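Beneath this line is the structure, given in structure tokens, with notes to follow.
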Amino acid sequence: MAAGSAGRRVIIEAADVVKTYTRGGETVYVLDGLDLEVREGEWLALMGPSGSGKTTLLNVLGGLDHPDSGNVIADGEDIEALSSRDLAAWRSRHVGFIFQLYNLIPVLTAYQNVELPLLLTSLDRRERDAQVRTALGLVGLAERLHHYPNQLSGGQEQRVAIARALATDPTFLLADEPTGDLDARSAASILDLLATLNRDLGKTIVMVTHDPRAADRADRLLHLEKGVLLEQERRGRAPRPDGA
Amino acid sequence: MTPWMLIPAHVRRSPLRSFLTVGSVAIAIFLFCLLRTVVTGIEATVSKTSSTRVITSSAVSLFVNLPVSMWDKIRAVDGVRAVTHWTWFGGVYVDPKEFFARFSVDPPSFREVYGDRHPGGAIYLLAEEEWTAFERERTACIAGADIAEKYGWKVGDRIPMQGTIYPGDYEFTLRGIYRTSNASFDQQTLFFHWKYLDEMQGGIGSVSTFTSDLESPELAPLVAGSVDSQFSSSANRCITLTEQAFQAQFVAMWGNYTLFLSFIGGAVLVAAFMVTLNTLLLNARERVTEVGVLKTLGFPDASIGLLNLAEGVALCGLGGLCGVGFSLAVEPALFSVLKAFVPTFSILPETSAAALCIATALGLLSGAIPGVMAARIPVVRALRRVG
């Protein structure tokens, strides 16, 4: 565990999580009795081959999917006990999602995309405006407020997606291969941004990746294979590219 | 909270698709307004008729004439103030396609019942000298302002007419151009002397109908009974109806036009519904990922379903507004085309309101199916459509 997060409270706890699919009449265990703890302020990377259950685990942690059995406690709340509506509200308060393909709404500008999750809060228009400008400023896109996704580069789109994930100041970020669709330079820049969010703002990040360079930036790396945690690497924080 | 800003954004996303959908609804609503107005116009024409006039026609058929000798007997019935008669002439003016109604009448009694000598006021409005000229000259005729305008007729013009039911070459002199004070009576009919017709035919001695003007509306059943019973055992059995009942019977000869027009209107609306539903289903299919994203962000299922519903209502509502707006814009042009058949053609506020309600209902129905689909799709399945 990284020195920075050691001793901090557990913010996500998955206990004996089982998730199965039926394929051709056969039951496939995607998550097979998985236990996991993520501490506040930690950056956790999940690696593993395709079909190992990484994305499924991310979906379960984020309340997008339900395990067949087991519990997920996030910020002290058993999310499996929540109704569909309450779970949606919980997601809007606690989870910021970052997708591989950004998943911005193409008919909305960068500003409107970031404003979307804020519509679920009690903020008024002025407060939302401040929040959107802050989030887009944080990801370095203060000058691209009114650009549509198709007017932005892949890296910029991912930055907007990160701003959207940050806008409501969620308890933790779930990133599913955030650099998977980017060139090396854009990928490095996104990883720098995530590192800043984790280190300077104390954001807890759980990231699925295939990219060892991305995994290297995390505090901790877990390997998943066939729904089982095979090994757990604990490491210190990776050095910043600038050597700091 | 529903992200309403997505609705205009989505409508703008495929402008051609949105335009075609709005256009199909607009055309359906325009047709609804048109057909509905034809029905209400006919109903209004029937309902605005007088309750002090009764019409006597043959009990066999409207196309069977009655002997003119009945006139005196009807005039003698208690409660009858005046009686006139009409005879359908048919005929051809210039070309068989140039159709307008032509009747032969008895000008003095016609003036008594429908003209300036009626104590309740005239329906056919002519200057006194025009009435007098019409009465005095056997080949005189009067014509409605609309056909006079259409053919460029002026008072004094000669109007040739070829008889069809009553063969022969007729020539009338136009002595008056009338307007009507009651919208149920059109301004597209030509009236001429029955005596001229009788003469030309060497004595036809018969008329199509008699119209009796009563001293009061309450006398209508008594007068009708009395007239009909007088001729019940003769070869000329007749039936006497109030003007309203007679018009309704005349309209009924066209068949169940309300059902027919409703069927056409309904079919067009169903077609518009299918077009709209198809558009919204296509849109929904293209936006499955967006639905997944919205659900991921925390928008409740109901909000997302509502978004589809609102999009349907927005598209159809816009189509409805365009349809009603277009109907009102072309109403004068439609009236000029249809006034011969529907003299009271006018788009009523109730018709516009019903059209907008139907458009909204179309939107709700079209939006409901994709709305339910979007609300029910599990978020993970929606996101899996990515890439």
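Name the single residue, out of those in the stretch B:285-302 being more than 8 Å from chain A (Cβ to nearest Cβ) and crowded, with 21+ Cβ neighbours inside 10 Å, that is farthest from A:PRO117 (Cα to Cα). Among those that are more than 8 Å from chain A (Cβ to nearest Cβ) and crowded, with 21+ Cβ neighbours inside 10 Å, it is B:ARG287. If I go through the stretch B:15-53 residue by residue, how many of them are more than 14 Å from chain A (Cβ to nearest Cβ), of a type in the set (Ser, Thr, Tyr) and over 16 Å from B:ALA183 (Cβ atoms)? The number of residues fulfilling the criteria is 4.
Here the stretch A:55-73 is the region considered, the condition is being more than 14 Å from chain B (Cβ to nearest Cβ) and touching a Gly at 6+ places or on another chain (Cβ under 9 Å), and the residue that is surrounded by the most Cβ atoms within 10 Å (Cβ to Cβ) is A:VAL72. Sub-8 Å Cβ pairs linking a first residue in the stretch A:191-213 that is among the small types (Gly, Ala, Ser) to a second residue that is at pLDDT 90 or above, at least 6 apart or interchain, are A:ALA195/A:TRP43; A:ALA195/A:ARG217; A:GLY202/A:GLU40; A:GLY202/A:GLY41, ordered by first then second residue. Would you confirm whether or not the stretch B:245-268 contains a residue that is within 14 Å of chain A (Cβ to nearest Cβ), surrounded by 13 or more Cβ atoms within 10 Å (Cβ to Cβ) and over 30 Å from B:VAL60 (Cβ atoms)? Checked against the condition, which is being within 14 Å of chain A (Cβ to nearest Cβ), surrounded by 13 or more Cβ atoms within 10 Å (Cβ to Cβ) and over 30 Å from B:VAL60 (Cβ atoms), the stretch B:245-268 yields no hits at all. Residue check: is B:ALA284 over 39 Å from the mean Cα position of the chain (by Cα) and under 25 Å from B:ALA26 (Cα atoms)? Yes.
When B:GLU98 is tested against (1) within 23 Å of B:ASP228 (Cα to Cα); (2) surrounded by fewer than 17 Cβ atoms within 10 Å (Cβ to Cβ), exactly one condition is not met: (1).
Per this entry, A:GLU115 is not counted among residues that are surrounded by fewer than 16 Cβ atoms within 10 Å (Cβ to Cβ) and part of a helix (DSSP H, G or I). Considering only residues in the stretch A:78-100 that are more than 10 Å from every other protein chain (Cβ to nearest Cβ), touching a helix residue (DSSP H, G or I) at 6+ places or on another chain (Cβ under 7 Å) and farther than 27 Å from A:GLY180 by Cα, the one that is surrounded by the most Cβ atoms within 10 Å (Cβ to Cβ) turns out to be A:ILE79. Restricting B:THR360, B:THR344 to those that are hydroxyl-bearing (Ser, Thr, Tyr), part of a helix (DSSP H, G or I), surrounded by 15 or more Cβ atoms within 10 Å (Cβ to Cβ) and more than 14 Å from chain A (Cβ to nearest Cβ) reduces the list to B:THR360. Just give me the residues in the stretch A:115-135 being touching a residue at least 24 places away in the same chain (Cβ under 8 Å), within 11 Å of chain B (Cβ to nearest Cβ) and aliphatic (A, V, I, L, M), in sequence order. The answer is A:LEU116, A:LEU118, A:LEU120. Taking the stretch B:106-167 and the helices (runs of 4 or more DSSP H) fully enclosed by it, the elements with 3 or more residues that are under 20 Å from B:ARG75 (Cα atoms) are at B:107-114. Confirm whether B:ARG12 is within 14 Å of chain A (Cβ to nearest Cβ) and either modelled with pLDDT under 90 or touching a Leu at 6+ places or on another chain (Cβ under 6 Å) (or both). The answer is yes for B:ARG12. When each of A:ASP183, A:ASP176, A:ASP169, A:ASP200 is tested for being charged (D, E, K, R) and surrounded by 19 or more Cβ atoms within 10 Å (Cβ to Cβ), the lone residue that passes is A:ASP176. Every condition in (1) in a loop (DSSP other than H, G, I, E, B); (2) of a type outside the set (Lys, Arg); (3) not assigned by TED's automatic domain parsing to the domain that holds B:LYS73 holds for B:LEU281 except the one numbered (1).
Number of residues in the stretch B:65-91 that are among the acidic types (Asp, Glu), in a helix (DSSP H, G or I) and in contact with a helix residue (DSSP H, G or I) (Cβ under 9 Å, 6 or more places away or on another chain): the value is 0. Could you check the stretch A:127-144 and list, in sequence order, the residues that are among the β-branched types (Val, Ile, Thr) and assigned to a loop (DSSP other than H, G, I, E, B)? Hit for the stretch A:127-144 is A:VAL139, nothing else.
The values are calculated or read from the model by the stated rules, or taken from the named source; none is laboratory data. Please read all numbers here as calculations on a predicted model, not as lab measurements. Using ideal geometry, Cβ is built from the backbone for each residue, glycine included, and neighbour counts are taken over all protein chains shown.
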